[in-house]
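Comments concern the structure below.
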Amino acid sequence: MRPRFQQQTTLGITPIHEVKFPVHSRDELPAVLMALQHIFITAELNEKVFALLEKKVVSNKKKTGRKGMDLWHILVLAVVSHTLDTNWDRLEHIAHYDTLLRKMLGVHVENFGIEEVEFAYQTIVDNVSLIDDQLLLQINQLVVAHGHHLLKKKDEPISLQLKTDSYVLETNVHFPSDLNLLYDSLRKGIDMVKKLKEVSDIKGWRKLKDVCRTTKSLFRRASQQVFRSNGKNEQQKRQAVRDYLQQSRTLQQRFEEVIKMPPAADAVTMLVLIAALKRYTDFAKKFSDQIERRLLKGETIAPSAKIYSIFEDHTEWITKGKLNQKVELGHLLLITTDQYELIVDYKIMETERDAAQVAPLKQRIQKNYTDKKILSHSFDKGFYSKDNLSALQQGYTQQVVLPKTGRCTKEDKATESSKTFKQLRHAHCAIESNINMLEHHGLNRSVQIKD
């Protein structure tokens, strides 16, 4: 049994519709909590949002049994988690000690001798994990539709002027080189062996501290010779790399012996630790091979064969077409905003680039905003292709702003010189402001929340 929300009318608890916010605060949390308050007090929007939550969380479950975490609590904590880009430990802390958040949860008590409601760590993890990205996207669409309704003028259909661009949502990784990635793999493999020693009687690993110290020393020596010697002593550099690879292969062999003949211990714990050890061993083999090929044999490693983090191995190496050629590690995030600065569509692109997104974006806009008229849609040059321009001009919008790359024909020059095209292209710069706002409010870096 999981209710939508039941706020107790006891002394010291502020009704959610009466919660006051610091309107001049530049922090992201008060603004998001204010938006959640609006969802709560707006009957029509409240009903639609809770209907989505019930369909996702409560469907196919019995209405009897122990009372679960309220749907309102789950929604608020999930939104706060995404807004602050935080981990479970910090989310538990602010759920207990942040006064404004507890007021929005409807559980805050101001020292009236009444027992305060608390949320156990595992309860937060199990319940907030139920809110996935797809559900948040559906809620976002409801909020955008409600925003359009509020901004609509009387007796006028809603018309949208859309702008699309992408930026890099960085992953939480250090700058990669095959030398430090190999060290990360060996270090984590040794950590798995330490944990195996704690739960079993594993033999042959008495001097783990010495192994760690030796591995780190060889890694640092190889790094200094490769990155700081400036090619002055090629023989010393190659010898340092060989010593590092020899230590790596010795550890890989010892890891494989443990994997083949695991010690006796609890079955579940053993399976988890052995699986992790095998994963780090495979990474160590891969990076050892790449180091040998690149530094000792002089080969070039193809970008498609590279991994940039063993902890977030989905990370991509992205170089956007900017003047300073800045390298960023993460994924491209595609966003589309309207003239009201509402985000009408977004997508995290994995191994994809801007030009491939136009046709799918057009389909999503037409599907999700069937009752809206698209007056214009603007892009930058990175999205240009003949097929994209043709697709956007066919029954989608009155004005397409898609600057051509390369040399323009007379027709292209005439189109891009028109007053309307210039105005919309200048207005397109507003999306950079939206991107900057997102980057300063939690969406500059992607953090994987793990149990």
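The values are calculated or read from the model by the stated rules, or taken from the named source; none is laboratory data. Owing to the predicted nature of the structure, the values given are computational and were not obtained by experimental measurement. Cβ atoms come from the backbone with ideal geometry, glycine included; neighbour counts cover every protein chain shown. Accessible surface areas use protein heavy atoms only, side chains included; no ligands, DNA or RNA. Shrake-Rupley method; radii C 1.70, N 1.55, O 1.52, S 1.80 Å.
A compact table of results
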{"quantity": "Reciprocal mean inverse distance between Cα atoms of region 310-451 - Kirkwood radius, Å", "calculated": "17.0"}
{"quantity": "Rounded FRET efficiency, nearest 0.05, which uses the C-beta distance separating ARG249 from GLU341 and R0 of 56 Å", "calculated": "0.50"}
{"quantity": "Phi to ³J(HN,Hα) by Karplus 6.51 cos²θ - 1.76 cosθ + 1.60 over region 296-304, Hz, x for Gly, Pro", "calculated": "9, 9, x, 7, 9, 8, 5, x, 5"}
{"quantity": "Label-to-label distance, nm, for residues given as GLN235 and ILE41 (7 Å Cα→Cβ offset)", "calculated": "8.0"}
{"quantity": "FRET E, pair GLU439, ALA264, Förster distance 35 Å, beta-carbon r, rounded to 0.05", "calculated": "0.10"}
{"quantity": "Ordering of 363-376, 168-181 by packing [mean C-beta count within 10 Å, highest first]", "calculated": "168-181, 363-376"}
{"quantity": "Most positive-pole-ward Cα, ASN434, VAL358, PRO403, against dipole of region 354-451 from beta carbon charges", "calculated": "PRO403"}
{"quantity": "Length-normalised contact order of region 324-407 in % [C-alpha pairs under 8 Å, at least 6 apart]", "calculated": "23"}
{"quantity": "Integer Hz, Karplus 6.51/-1.76/1.60 couplings in order for region 161-176, x for Gly and Pro", "calculated": "10, 9, 9, 10, 7, 9, 9, 8, 8, 6, 8, 8, 10, 7, 5, x"}
{"quantity": "Amide proton proximity set for ILE374, modelled H, under 5 Å, gap of 5+", "calculated": "LEU160"}
{"quantity": "Beta bridge orientation in the chain: antiparallel %, DSSP, nearest 5", "calculated": "65"}
{"quantity": "Structure-based [θ]222 nm, the chain - -39500 (n - 2.57) summed over DSSP H runs of at least 4, per residue, nearest 500", "calculated": "-16000 deg cm²/dmol"}
{"quantity": "Residue-level accessible surface for VAL125, protein heavy atoms, 1.4 Å, Å²", "calculated": "0"}
{"quantity": "Label-point separation, LEU271 to ARG213 (7 Å along Cα→Cβ), nm", "calculated": "3.9"}
{"quantity": "Label assignment, Rg/Rh (Cα atoms, Kirkwood Rh) derived from the structure, set [x] 1.09; [y] 1.04; [z] 1.01", "calculated": "[y]"}
{"quantity": "Relative contact order %, region 269-428, counting alpha carbon pairs below 8 Å whose residues are six or more apart", "calculated": "11"}
{"quantity": "Mean Cα-pair separation over length for the chain, i.e. relative contact order, pairs under 8 Å, 6 or more apart, %", "calculated": "20"}
{"quantity": "Probe 1.4 Å - accessible area at HIS149, Å² to nearest ten", "calculated": "120"}
{"quantity": "Subset of LYS20/LYS55; LYS163/LYS373; LYS373/LYS410 violating a 22 Å alpha-carbon distance limit", "calculated": "LYS20/LYS55; LYS373/LYS410"}
{"quantity": "Solvent-accessible surface ranking, highest first, for GLU44, GLU432, GLU28 at 1.4 angstrom", "calculated": "GLU44, GLU432, GLU28"}
{"quantity": "Label point distance in nm, SER159-ALA355, each placed 7 Å from Cα along Cα→Cβ", "calculated": "3.2"}
{"quantity": "With every protein chain in place, the chain: carbon and sulfur % of accessible area (1.4 Å)", "calculated": "50"}
